[in-house]
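Taking it in order: structure first as structure tokens, then the write-up.
The values are calculated or read from the model by the stated rules, or taken from the named source; none is laboratory data. Fair warning: this is a prediction, and the values are worked out from it, not measured in the lab. When we count neighbours, we look across all protein chains shown, and the Cβ atoms used for this are built from the backbone with ideal geometry, even at glycine. Calculation scope for accessible area: heavy atoms of the full protein, side chains included, ligands and nucleic acids excluded. Shrake-Rupley method; radii C 1.70, N 1.55, O 1.52, S 1.80 Å.
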Amino acid sequence: EEINFEDYIAGVVAGEINNDWNPEAIKAQAVVARTFAIYFLQNNESKYDGADISSDITEAQAYAPDRINDNIRLAVAETKGKVVTSDGKIVETYFHSNSGGKTTESKYGLNNFNDESYTKSVDSPENEENSKDFTWTAKFSKADVLSALRKMGASVSSVKDMTITSTDKSGRAQTIKFGDTEVNANDFRLKIGSTKLKSTLIDDITVSTSSIVVSGKGYGHGVGMSQWGAQVLAENGKTYDEILKYYFRNIEIKDA
């Protein structure tokens, strides 16, 4: 499908956040969505033949044109062409649903150890009352855990325990041990299902005979802009550019 670029951005915003949010939060999402898309087009290729970019969230961004309303149209129009830059270059503007109260850097949340200086770890204003998925609990069968570990190439015959062996400064798990086998926490989250193991900001693990119950905070990798955090900041009077500079460092907002 061939589509006008700014119309595509409106569809992304509609797919990523609520269309009745504060206008400044919607503008912030429009700018990060636009920046992410341009960065993708400049640096990546879609895995789908003939496409520049897709609506597959494992590759790019959500897309829901049926949810576009006047709030989104206005936010996209009022930020038309605006992108996030660092050192004069368009950057990969990471975002996630809920930080659980603190964001992290891309080297910890996304295993991205490239030399980039624009992500940071900051306290974020979400809590149980003002956001969705601030806390969560998920139950996994040991069979599913074993399957995920084997997909990662781990040689594990049974799952008797699950222990966090290292964390970053935000409190997110970096490595997890199953018996004598240690794996990367971010990779395990993706293999077991990132919509179920909603983050690596884990508070509690309970292992029983047939299952493992995990409780934690936040939804997503925790890098860059928290969408629910942006909504809370906007409700507290922050403008879209102030929101972006709260979650990213060494950035400027410029016309593409």
(message) Pairs of alpha-carbon atoms within less than 8 angstrom and 6+ residues apart define the contacts here; what relative contact order does region 104-256 have, in percent?
(response) 30
(message) I'd like the carbon and sulfur percentage of the solvent accessible area for region 72-142, probe radius 1.4 Å, heavy atoms only, ligands and nucleic acids excluded.
(response) 46
(message) Over region 104-256, with the other protein chains present, what is the accessible area per residue in square angstrom, probe 1.4 angstrom?
(response) 48
(request) May I ask you to list, by number, the DSSP H helices of the chain whose Cα span along the axis is at least 20 Å and whose average Kyte-Doolittle hydropathy reaches -0.5 or more? (result) 23-43
(message) Under 5 Å between amide hydrogens, which residues at least 5 positions from D203 or on another chain qualify, with H placed 1.01 Å from N in the peptide plane?
(response) S215, G216, K217
(message) For I164, what residues show an amide H to amide H distance below 5 Å, using hydrogens built from the backbone and excluding near sequence neighbours?
(response) K177
(request) Please report the relative contact order for region 1-95, taking Cα pairs under 8 Å with a sequence separation of at least 6, and give it as a percent rounded to a whole number. (result) 42
(message) With a cap of 16 neighbouring Cβ atoms within 10 Å, and only residues DSSP puts in a loop, list the chymotrypsin sites (Phe, Trp or Tyr not before Pro) found in region 6-77.
(response) Y48
(message) Just to be sure I understand: if I project the alpha-carbon convex hull of region 1-71 onto a plane and average over all orientations, what area do I get in nm²?
(response) 4.6
(request) Let me know the charge dipole size of the chain about its Cα centre in debye, to the nearest 20, where only the beta-carbon of Lys, Arg (+1) and Asp, Glu (-1) is charged. (result) 860
(request) Counting only DSSP beta bridges with both residues in the chain, tell me the antiparallel percent, nearest 5. (result) 90
(request) Could you grab the relative contact order for the chain? Cα pairs under 8 Å, six or more apart, rounded to a whole percent. (result) 26
(request) Rounded to the nearest 500, what is the 222 nm mean residue ellipticity of the chain from helices alone, with -39500 (n - 2.57) per DSSP H run of 4+ residues and division by all residues? (result) -9500 deg cm²/dmol
(request) Enter the Cα centre distance for the pair region 195-252 and region 5-70, rounded to the nearest angstrom. (result) 19
(request) Assign unit charges at the C-beta atoms only (+1 for Lys and Arg, -1 for Asp and Glu), then state the dipole size of region 105-256 relative to its Cα centre in Debye, rounded to the nearest 20. (result) 600
(request) Select from D49, D168, D144 the residue whose mean-square fluctuation is largest in a Gaussian network model of the chain (Cα-Cα springs shorter than 10 Å). (result) D49
(request) Find out how many positive minus negative residues lie around G171, taking Lys and Arg as positive, Asp and Glu as negative, among other residues whose Cβ is under 10 Å from that of G171. (result) +2
(message) For a quick check, take a GNM of the chain with Cα springs below 10 Å and name the residue from R150, R189, R172 with the largest mean-square fluctuation.
(response) R150
(message) Test of understanding: in a Gaussian network model of the chain with alpha carbons linked when under 10 Å, which of L244, L149, L201 would top the mean-square fluctuation ranking?
(response) L149
